[in-house]
Amino acid sequence: MTEKWIRDPMSPIPDEELSRIKAYTAGLLEDAGISGAPGIQLVFTGGSVTIARAIVAEMEQREDNIGVLSALQLNHLLKMLSSMPFTERCGVPGLPANRADVAPAAIAVVLAVMKVLNVDHLVHSRYGLRHGLAAQVFFGDRSVA
């Protein structure tokens, strides 16, 4: 997404470019027939949300042990990161320097998914899909966080 939609990832990122990422993501989901449903729970695994979670924990001066992020937290984080040039983003606690160029685009994608699904928060699991499948096989329907 960064290569396609962000003209200069080394500079602060204009809102218009982030809006294009969100619109493109929403369009892909809508074209696939994906939409929200009452009571849906959105679970993310993987790097970008792991990083967002770490940055939010640093900003809130707390342990990174809460696996829930709100759209409000992510919007605030996106606004903060996109207002900084790359060199400044590299110094953000919790943001690895090798992800400082793509983090704003990744957060924009996450926010677009949340909007299409009409959820105001997401749950993040440090476990991947393989862990989830194994847990289901071994533990049935019991939740494993």
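The values are calculated or read from the model by the stated rules, or taken from the named source; none is laboratory data. What you see is a predicted model, and the numbers here were worked out from it, not measured in a lab. Methodologically, a virtual Cβ is constructed for each residue, glycine included, from the backbone with ideal geometry; neighbour enumeration extends over all protein chains shown.
Key figures
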{"read-out": "Pairs with Cβ under 6 Å, 6+ apart, first in region 6-26 and under 11 Å from Pro104 (Cα atoms), second of a type in the set (Gly, Ala, Ser) and in a loop (DSSP other than H, G, I, E, B)", "value": "Pro12/Ser83"}
{"read-out": "Yes/no for Thr45 being polar (S, T, N, Q), touching a Ser or Thr at 6+ places or on another chain (Cβ under 9 Å) and touching a residue at least 40 places away in the same chain (Cβ under 8 Å)", "value": "yes"}
{"read-out": "Members of region 88-108 found to be in contact (Cβ under 8 Å) with a residue 24 or more places away in the chain and not in a loop (DSSP other than H, G, I, E, B), listed by number", "value": "Arg99, Ala103, Pro104, Ala105, Ala106, Ile107, Ala108"}
{"read-out": "Subset of region 109-134 that is part of a helix (DSSP H, G or I) and modelled with pLDDT under 95 - its residue that is farthest from the chain's Cα centre (by Cα)", "value": "Ala134"}
